[in-house]
Every structure is written in structure tokens, then in C-alpha cells.
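> The structure under discussion is supplied below as C-alpha cells; questions concerning it will follow.
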Amino acid sequence: MVPPSRPSRRAILAGVSAGFATALAGCNESESHTSSPDGGTLVTDYTVTTARSTSDQPPIVGSRETTGDAGNADEPSPTPEPLSLHAVESESDAEALAFAEDATNVAAVRRLVAETAYASESVLLYQTRVGECHRLQLNYVARDGDDGDPDVEFCQVIRDAEVDCEREARDYVAAAVRLPFPGEEYSGFSVGGGGSCGPVPERYRTESESA
């Protein structure tokens, strides 16, 4: 059995909503939003790209981390461990990612992590099994008012009617979310989701959004 890999160089706080593992879904699109975030409020200057796999292997197979042995410190592990939550905080982190050969939209995910300016940005990776007839939608991204940690919330949306799918079948979906601040600015993050897309929590709204 392959030993579990660490999710990130930093501690990752997985705040998971009820039904999270069964309700999320995937798609093959990218979404971009542009404006400046404030601490403790909504983050709107982010980019998200998703990939999907219909096999038993997730789109992002894992991170080819170094063994740490003195004689082969630069030699990657031969068997990357699949990731569920991971923070990509540097170019070396991005280059270490390994992807499944049968996954769709992998080029877009590779491009997003490769084009990230890690001095001022970072990427959160999240993947899980999903219903074949649903897709993943990013509901909102926010920063906690106390410590500035990111809070990323997903929801599920029915896929287009022309998509051939089985109600009980499940795929894997991976989401890469580029954030407009570096990993050194936060010590953890939370990712949650499930059910339909709801309103942004009141604590993350500005006065104009709450009116």
C-alpha cells in the first residue's frame, strides 16, 4: 500500500459540509473573475479550471515529491499518491503534479498551475468522486476575517441535457482554483460543498451586497 502523502507544505483545514463527498460534480470549463479581494470578505479575483475522469483514477494522480534521501534527493517517487486537497505554492510544486492519461481537460489545469505567479498567487487543488449527471460549480471564495485563510465553497449543477450519463454512475472531478495571494499568507484553508448553489453567507457580504 502506498503511504499517504502530505496534503501541502502547510496544514490544510478541511471544512467539509454534509453530503460533500456524494453531492459534488465536475465539468470541463474555466471561469475567471476580476476585482480586488479584501481580508474577511469575498474573493472575486480568482480563476477556476476543472478536469474530469470516468475511470477509477482521479484526474490528478498525485505529487511526485522527492524521497528526501541524501543519495537521491532529486529523484521523484515512482508512485505518486492521489490528492484530495492540496495547496500549490511554488513552481516546483506545480511541476511535481502528475495527471492521469485518460482525464479530460488536463491541459487547461496544467496551464493554470504553470502560468500562476507564485510570488503573489497560489493554487488550491480539490478532487473527489461525483455523480456522472452533475457538474461542479464554484459557489464562492472568501477569506476569513480573523486569519485570512481561504474558504472555498462548491455546489452541484445538472449537466446539459445532451450529455449521456447514468444516474447512479460516478466520475472523478478535479478543481484547480487560482487565488490572488501567495500561500505564505495563510496557514490553512477550508473546502466545502454539496447540494444546490445557495447565497453567499452574510458574514462575507459587503454592505452593498447585503442591501
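> Relative to the present Cα-Cα distance, how much length would full extension add between Asp56 and Cys165 at 0.36 nm per residue of separation?
37.6 nm
> May I ask you to evaluate 6.51 cos²θ - 1.76 cosθ + 1.60, the Karplus curve with θ = phi - 60°, for each residue of the stretch 89-105 and list the ³J(HN,Hα) values in order in whole Hz, giving x for glycine and proline?
For the stretch 89-105, the Karplus-derived couplings read 10, 7, 4, 5, 4, 5, 5, 7, 5, 10, 10, 6, 5, 9, 6, 9, 6 Hz, x marking Gly and Pro.
> Using a Förster distance of 22 Å, how high is the FRET efficiency between Val157 and Thr44, based on the Cβ-Cβ distance and rounded to 0.05?
About 0.65, to the nearest 0.05.
> Starting from the Cα of Ser92, step 7 Å along the direction of its Cβ; do the same at Arg203; then give the gap between the two resulting points in nm.
Simple spin-label model gives 3.6 nm for this pair.
> Would you mind checking which residues have amide H under 5 Å from Tyr186's amide H? H placed 1.01 Å from N; only 5 or more apart, or other chain.
Answer set, sorted by chain and number: none.
> So how strong a dipole does the stretch 124-181 carry about its Cα centre when Lys and Arg Cβ are +1 and Asp and Glu Cβ are -1, to the nearest 20 debye?
For the stretch 124-181, the charge dipole is close to 140 debye.
> If the label point is 7 Å along Cα→Cβ of Ser196, which residues in the stretch 148-170 have backbone nitrogen under 15 Å from it?
155-159
> From the square roots a ≥ b ≥ c of the eigenvalues of the alpha-carbon gyration tensor of the stretch 93-208, which class results: rounded (a/c under 1.5), prolate (a/b over b/c), or oblate?
The shape class here is oblate.
Read the figures in this text as sums done on the coordinates, not as results from a lab. Keep in mind that this is a model prediction, so the values were computed, not measured. Counting neighbours? That spans all protein chains shown, and the Cβs are built from the backbone with ideal geometry, glycine included.
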